[in-house]
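The values are calculated or read from the model by the stated rules, or taken from the named source; none is laboratory data. Note that the coordinates shown come from a computational prediction; the quantities given were computed from them, not determined experimentally. Positions of Cβ are backbone-derived with ideal geometry, glycine not excepted, and every protein chain shown enters the neighbour counts. What goes into the accessible areas is simple: the full protein's heavy atoms, side chains included, and nothing from ligands, DNA or RNA. Shrake-Rupley method; radii C 1.70, N 1.55, O 1.52, S 1.80 Å.
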Amino acid sequence: MKFFADTADTKEIAELASYGLIDGVTTNPSLIAKAGKPFAEVIAEICALTPGAVSAEVVATDFDGMMKEGKKLAKIAPNVAVKLPLTLDGLKACKALTGEGIQVNVTLCFSANQALLAAKAGATFISPFIGRLDDIHIDGMDLIAEIRQIYDNYLFDTEILAASIRSPNHVKLAALAGADVMTAPAAVIRSLVNHPLTDKGLETFLADAKKAGIKV
Ligand code: E4P
């Protein structure tokens, strides 16, 4: 499973990259706004921190506008994945941009039929939003499982990017359901390492090593 960092904070991305823990980055306009720097500048900085796909989202909603913005974003770096909303114009732009060899992440997916459309439009990634479905009492993991089955039935190579991941349990369930990628905030990725028995075991080993005067 690939891990993407869902943040536009370059310090966080550099830290995760230093552990070898990330395979790419996703951003959205809300995350870019938090970064407080010009859009193209932040995306260029992020692209230099990881060789993996870096999603940068358009703000246009019509086909021509999305094509113009998508091509502009793709010129920032070869690893930019243009993020397009799951609308008819977004799907049309997806087909056209992927046809030109540009990676596309179709975002704001909340149903299996939407994911089917994105795969037919040639999307590189489809982003089902788990947490936002959970927010309205719908199990987001059922959606991942449905998309997995549909994509496997027809051998679509669009990658399922589990998005809006809010907890370590979301990560585990998305992996079990067969998501190709998950994107989560840095804090969630860091928290995956935590286990009280690991801390307790390490404490005991270190205490025993000290008592016995073990030096390596
Ligand atoms: C990913 O591409 C989305 O930007 C992100 O995961 C949304 O997460 P949220 O629902 O927690 O804002």
Original post:
How large is the helix-only mean residue ellipticity at 222 nm for the chain, computed as the sum of -39500 (n - 2.57) over DSSP H runs with n ≥ 4, divided by its residue count, in deg cm²/dmol to the nearest 500?
Top reply: -15500 deg cm²/dmol
Original post:
Amide H of ASP23: which non-local residues (sequence gap of 5 or more, or other chain) have their own amide H closer than 5 Å, using H built in the peptide plane?
Top reply: PHE3, PHE4, ALA5
Subject >> Portion, in percent, of the accessible area of segment 2-212 that falls on carbon or sulfur, probe 1.4 Å >> reply: 59 percent
**OP:** Using θ = phi - 60° and the Karplus relation 6.51 cos²θ - 1.76 cosθ + 1.60, list the HN-Hα couplings for segment 117-132 in order, rounded to whole Hz, with x at every Gly or Pro.
**Re:** 4, 4, 5, 5, 7, x, 4, 6, 10, 10, 10, x, 9, 4, x, 5
Subject >> Residue (of LEU155, ILE102, ASN169) at the positive-pole extreme of segment 2-212, dipole from beta-carbon charges >> reply: ILE102
Original post:
Over what distance in Å are the Cα centres of segment 161-206 and segment 40-74 separated?
Top reply: 28 Å
Original post:
Want the number for LEU176 to LEU202: 0.36 nm per residue separation, take away the alpha-carbon distance, what's left?
Top reply: 6.5 nm
**OP:** Counting only heavy atoms of the protein chains, get the accessible area per residue of the chain (1.4 Å probe) and round it to a whole Å² value.
**Re:** 52 Å²
Subject >> Residue-span extension gain [VAL216 to ASP152] - 0.36 nm each, minus C-alpha spacing >> reply: 18.1 nm
Original post:
Percent antiparallel among DSSP beta bridges with both residues in the chain, to the nearest 5?
Top reply: 0 percent
Original post:
Tell me, what HN-Hα J-couplings in whole Hz come from the Karplus equation 6.51 cos²θ - 1.76 cosθ + 1.60 at θ = phi - 60° for each residue of segment 182-199, using x for Gly and Pro?
Top reply: 10, 10, 8, x, 4, 4, 5, 4, 4, 5, 4, 6, 6, 7, x, 6, 5, 4
Original post:
By how many nm would the segment from LYS11 to PHE63 lengthen if fully extended, with 0.36 nm per residue of separation less the alpha-carbon distance?
Top reply: 15.3 nm
Original post:
Nearest 10 degrees, 0 to 90: what angle lies between the long axis of helix 140-154 and the longest principal axis of the chain (Cα atoms)?
Top reply: 60 degrees
Original post:
Within the chain, what's the longest stretch lacking trypsin sites (Lys or Arg not before Pro) that sit in DSSP loops with no more than 13 other Cβ atoms inside 10 Å?
Top reply: 76-214
**OP:** Along Cα→Cβ, 7 Å out, is where each label goes; now give me the distance between the ones at ASN169 and ARG132 in nm to one decimal.
**Re:** 2.2 nm
Original post:
Got a sec to turn the phi values of segment 32-45 into Karplus ³J(HN,Hα) couplings, 6.51 cos²θ - 1.76 cosθ + 1.60 with θ = phi - 60°, whole Hz, x for Gly and Pro?
Top reply: 5, 4, 5, 5, x, 10, x, 3, 4, 5, 4, 4, 4, 4
